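Reviewing the structure listed below.
The values are calculated or read from the model by the stated rules, or taken from the named source; none is laboratory data. All of these numbers come straight from a predicted model, not from anything done at the bench. For neighbour counting, all protein chains shown are included, and Cβ atoms are generated from backbone atoms with ideal geometry for every residue, glycine included. Quick note on the areas: whole protein, heavy atoms, side chains included, nothing else; ligands and nucleic acids left out. Shrake-Rupley method; radii C 1.70, N 1.55, O 1.52, S 1.80 Å.
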Amino acid sequence: MVNAALSIPKSLVFCIRTLPFKQAIRIPFLISWKTKIYGVRKGVIEFEQPVQRFMVKFGFGGSVGMPAKKSSIFIERGKLVFGNHVTFTEGTVLRCSGKMKFGSNFFSNKNCIFWASKEICFGNDVLLGWNVVARDSDGHMIIHNGVSGEVSRPIVVGNHTWICSETHLLKGAGIGNDCVLGYRSTLTKNFARDNVLAVGTPARIVKECIRWERG
């Protein structure tokens, strides 16, 4: 693939700038040459699995016919943790000033935004549709009757969970294992339950004892 070949130099530079040398030379990241990268440095990235070539791919593919925005990685501070076979397709924006964890067999479709000020955690075998936004902070302080609210709370998504397209996960959002969050839903609280289908704005549980399979 021409795009992948053109991306090797940028990927290697990214690995050298962020990883110990013995990990960097294995080139665990394949990052599209079109991706904008800001603020990377040593000590911000960890792996849960033994380091392999191209175990994390960023800025390639996604649903055909869906226009892609510009991909970018912006690491202000914090920590990024990855499993194996982690795929972020075209148009992904990853901005980290807290902690982000993406488990093994993670896949996000085009134009997803991940913005962590505190913590965002995805389990293993998680599938995201296009235009999903996960942001754990309000961005600005909200004061009610002189009392300041929490600006940030963690977002936690369990294993084998499908987050459908156009969905937003906001601060404090959470859902368990083997769950589905329906199209254009907005998750604003932590259900901490397994095998449920949640839909709506704000999302609510409409079915229990469900399971899902990749098509």
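Loop sites by DSSP among the GluC sites (Glu not before Pro) of the chain, restricted to those with at most 16 other Cβ atoms within 10 angstrom, leave 77-149 as the longest stretch without any of them. Here the label points at Lys22 and Ile205, each 7 Å from Cα along the C-beta direction, are separated by 4.6 nm in the simple model.
Toward the positive end of the charge dipole of the stretch 76-215, about the Cα centre and with charges on Cβ (Lys, Arg +1; Asp, Glu -1), which of Ser185, Ser117, Leu80 goes farthest? Highest projection toward the positive end goes to Ser117.
For Lys207, a cut-off of 24 angstrom between C-alpha atoms picks up these lysines, skipping any fewer than 8 places away in its own chain: Lys171, Lys189. Can you bin the stretch 104-214 into rounded, prolate or oblate? Criterion: square roots of the alpha carbon gyration tensor eigenvalues sorted a ≥ b ≥ c, rounded for a/c under 1.5, prolate for a/b above b/c, oblate for the rest. Prolate. Placing pseudo-labels 7 Å out from each Cα toward the beta carbon at His144 and Thr188 gives an inter-label distance of 1.0 nm. For the chain, the longest principal axis of the C-alpha atoms and the axis of helix 2-18 are separated by about 80°.
Given a 1.4 Å probe and every protein chain left where it sits, what share in percent of the accessible area of the stretch 12-58 is carbon and sulfur?
Carbon and sulfur atoms account for 58 percent of the accessible area of the stretch 12-58.
To the nearest 20 Debye, how big is the dipole of the stretch 1-149 about its Cα centre, given +1 on the beta carbon of each Lys and Arg and -1 on that of each Asp and Glu?
Numbers: 20 positive and 8 negative charges, 114 e Å.
Value, rounded to 20: 540 debye.
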